[in-house]
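Engineer: Could you have a look at this structure, given as structure tokens, before my questions?
The values are calculated or read from the model by the stated rules, or taken from the named source; none is laboratory data. What you are looking at is a predicted structure, and each value in this text was computed from that prediction instead of being measured. Positions of Cβ are generated from backbone atoms using ideal geometry, with glycine treated the same way; all protein chains shown enter the neighbour counts. Protein only, heavy atoms only, side chains kept; ligands, DNA and RNA dropped before computing areas. Shrake-Rupley method; radii C 1.70, N 1.55, O 1.52, S 1.80 Å.
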Amino acid sequence: MDLKPETAVLFKDGIETIVAIEALTVGDIVLVKPGERIPSDGVVLDGASAVNQSSITGESVPVDKGEGDEVFAGTLNGQGALFIEVSQLSESTLFAKIIRLVQEAQSEKPASQLFMERFERIYAKLIILICLLLIVVPPLLFHLAWDQTFYKTMVFLVVASPCALVASIMPAMLSAISNGARKGLLFKGGAHLENLATIKAIAFDKTGTLTSGKPVVTDILSFHQLDEAEVLSIAASLESLSEHPLAKAIVLEAQAQGVVLDRPSDFRTLTGWGVQAQWKGDLWKIGKPAFLDDAFRTEELKSVIDRLEREGKTVTVMHNSQGVAGVIALRDKIRSEAKQAVAMLRDLGVQVAMLTGDQKQTADAIGKELGIELVYADLLPEDKVSRIKELKQTFGSIAMVGDGVNDAPALATATVGVAMGVAGSDAALETADLVLMNDDIGKIAGAIVLGKRTKVIIKQNIIFAMTIIITLITANFIQGIALPLGVVGHEGSTILVILNGLRLLRHREIIQTKRVGKSSLKV
């Protein structure tokens with residue numbers, strides 16, 4: 001909600017007026033200056049800029065916007081000024097929908113919680129009612145002594161008390177939560193840990209979750225008899241004055257390789273394309289392939305660009321008056337632990353899917369590399385919610401892993417929402433049920449195993465507690481037991497289930513071993 005703009009610059013009859021966004025109506029023209037947040041959903045009437053839409057789509061690279069393009073409230077304008085025609089009222093924007101979706105999903109209580117609340121009320125009333133009947137009915141109907149009946153009722157009240165039954169759950173839950181916290185897994189409640197044990201499928205956001213969220217150079221191809229080092233040197237020198245994320249990635253790659261940069265002259269940004277500058281007496285341009293002159297579009301170059309784009313990479317072409325000198329491809333870097341994390345989840349029998357706002361070509365390439373078959377691309381936040389609901393219908397319990405504001409509704413809709421603790425937005429952290437404090441998605445499989453182990457121990461405790469309660473109640477009515485023995489049996493069973501639950505404090509990390517190219521999991 002902090003990302004939501006409070007005011008807008010209304011442009012009417014050539015006059016700029018600052019108004020509250022609630023005062024905007026459909027058809028109004030607003031001016032968004034460089035570095036400002038777009039106040040409302042709308043269509044660009046005039047101007048061109050790169051807009052950071054990560055809060056909506058999760059895309060790691062700003063998207064170029066020009067006349068006729070759609071823009072969203074809450075997204076961040078880049079270096080150009082935009083005149084935008086408002087298409088939605090403030091309460092109907094996509095950003096407002098994100099907030100409502102989170103609030104609606106968080107208001108729903110899980111069925112297990114509702115059942116426990118009903119059970120507690122019913123059980124307590126039932127025991128009190130039985131005690132009253134045991135005190136009154138036997139003396140009146142069977143002429144038993146009042147003191148004997150009262151004594152047996154007191155024994156019943158002690159042994160029927162659900163202390164062991166209640167203690168069979170919380171000590172185990174708290175021990176597991178503490179265990180997870182030491183490993184960087186922050187559970188926001190025992191119910192989420194329990195739900196994690198039932199997960200049949202898990203959906204990952206791509207940018208910032210499976211990937212680092214920052215583009216890196218993957219390929220450097222040279223033409224004009226230049227070598228790769230020369231291409232990188234020229235490209236990084238040209239981009240050294242640019243603030244674009246792709247430009248910064250090229251400069252960082254050159255610095256990592258120890259390339260010395262020469263500052264260009266007459267530097268100019270070509271909005272929506274790239275940059276141009278004078279470098280060593282020649283005019284160079286670097287940017288999107290779509291803006292190349294037809295004379296430079298050879299079959300060889302087209303084949304190279306097509307291949308790189310099929311691999312999900314962003315292509316940058318560098319040329320001067322003599323033609324194309326080099327091609328640099330960049331891609332959001334896949335997290336080092338991502339492939340292993342997917343393999344470990346599969347070994348647990350969990351189906352893995354990927355949801356992203358990126359284009360399908362990029363998403364398919366990432367999914368193929370990670371071994372993810374269910375890939376959904378070009379998704380807005382509300383589309384992600386729809387996909388989560390569809391996966392729920394197919395698999396039952398499902399987890400969602402994300403990091404951005406745009407992921408918050410999907411995190412809230414999933415059975416268990418998992419957020420990245422370091423890279424995650426405040427909205428994702430507030431909405432999620434489990435936070436990965438170190439952004440290590442490899443720990444998700446361990447969290448599921450911890451949840452399954454917790455569920456097993458709770459079942460053991462409940463069965464043991466119920467067995468002791470039934471045994472003591474039966475013995476009290478058939479033969480009669482002394483009150484001290486009932487106390488010992490009751491308190492003893494409570495202590496035993498607590499100690500059994502505390503074993504989860506010693507729960508080990510998930511261990512991965514390699515066997516014939518496949519990973520196997522041990523607890």
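Engineer: Determine ³J(HN,Hα), in whole Hz, for all residues of region 211-219 in sequence, where each value follows from phi through the Karplus function 6.51 cos²θ - 1.76 cosθ + 1.60 and θ = phi - 60°; x replaces Gly and Pro.
Structural biologist: In residue order, the calculated couplings are 10, 6, x, 10, x, 9, 6, 10, 9 Hz.
Engineer: With an 8 Å cut-off on Cα pairs and a minimum separation of 6 or more residues, tell me the relative contact order of region 158-242 in percent.
Structural biologist: 12 percent.
Engineer: Still on this structure: Please give the peptides 276-284, 163-171, 36-44, 200-208 ranked by average Cβ packing (other Cβ atoms within 10 Å per residue), highest first, as a rough proxy for protection.
Structural biologist: Ranked from most to least packed, the peptides come out as 200-208, 36-44, 163-171, 276-284.
Engineer: Suppose the chain between Val166 and Gln479 were pulled fully straight at 0.36 nm per residue; how much longer would it get relative to their current alpha carbon spacing?
Structural biologist: Here the segment from Val166 to Gln479 would lengthen by 110.0 nm.
Engineer: Return, ordered by residue number, the residues of region 261-283 whose backbone nitrogen is under 13 Å from a label point located 7 Å along Cα→Cβ of Asp64.
Structural biologist: Within reach of a label on Asp64, which here means backbone N under 13 Å from a point 7 Å along Cα→Cβ, region 261-283 contributes 269-276.
Engineer: Something else now. Expressed in nm², what is the orientationally averaged projection area of the convex hull enclosing the Cα positions of region 138-293?
Structural biologist: Numbers: hull surface 77.2 nm².
Averaging across all directions leaves 19.3 nm² for the Cα convex hull.
Engineer: Please give the calculated 222 nm ellipticity per residue for the chain, where each DSSP H segment of at least 4 residues contributes -39500 (n - 2.57) and the sum is spread over every residue; nearest 500 deg cm²/dmol? Write down the numbers at each step before the final one.
Structural biologist: On the way: 16 runs with 225 residues, N = 523.
One gets -14000 deg cm²/dmol as the mean residue ellipticity at 222 nm.
Engineer: Tell me, what are the semi-axes, in whole angstrom and largest first, of the equivalent ellipsoid of region 119-201 as set by the roots of 5 times the Cα gyration tensor eigenvalues?
Structural biologist: 44, 13, 8
Engineer: Could you check the spin-label model distance between Gln225 and Gln257? Points 7 Å from the Cα along Cα→Cβ, value in nm.
Structural biologist: Distance between the two pseudo-spin positions: 2.0 nm.
Engineer: Provide the per residue accessible area, probe 1.4 Å, for the chain, rounded to a whole number of square angstrom.
Structural biologist: It amounts to 48 Å² per residue over the chain.
Engineer: Cα-Cα over 19 Å: which of Lys360/Lys384; Lys12/Lys65; Lys188/Lys339; Lys313/Lys389?
Structural biologist: Flagged as over cut-off: Lys12/Lys65; Lys188/Lys339; Lys313/Lys389.
Engineer: At a threshold of 8 angstrom on Cα-Cα distance, excluding pairs fewer than six apart, so keeping six or more, what relative contact order does region 368-480 reach in percent?
Structural biologist: Worked out over region 368-480, it gives 15 percent.
Engineer: In degrees from 0 to 90, rounded to the nearest 10, what is the angle of the helix 299-310 Cα long axis to the longest principal axis of the chain?
Structural biologist: It is inclined by approximately 20 degrees.
Engineer: Could you work out, for the chain, what percent of all Cα-Cα pairs fall into each 10 Å distance bin, beginning at 0 Å and stopping at the bin that holds the largest distance?
Structural biologist: 4, 15, 20, 19, 16, 10, 7, 5, 3, 2, 0, 0
Engineer: With a cut-off of 8 Å between alpha carbons and a minimum separation of six or more residues, what is the relative contact order of the chain in percent? Walk me through the numbers before you get to the answer.
Structural biologist: Numbers: 1031 pairs, mean separation 94.0, N = 523.
That works out to 18 percent.
Engineer: Carbon-plus-sulfur fraction of the accessible area of the chain, 1.4 Å probe, in percent?
Structural biologist: Carbon with sulfur: 57 percent of the solvent-accessible area.
Engineer: How fast does region 414-471 diffuse by Stokes-Einstein, in µm²/s, taking the Kirkwood radius from C-alpha pairs at 37 °C and 0.692 mPa s?
Structural biologist: Approximately 244 µm²/s, per Stokes-Einstein.
Engineer: Helix 443-478 against the longest principal axis of the chain: what's the angle in degrees, Cα atoms only, rounded to the nearest 10?
Structural biologist: That helix lies at roughly 10 degrees to the long axis.
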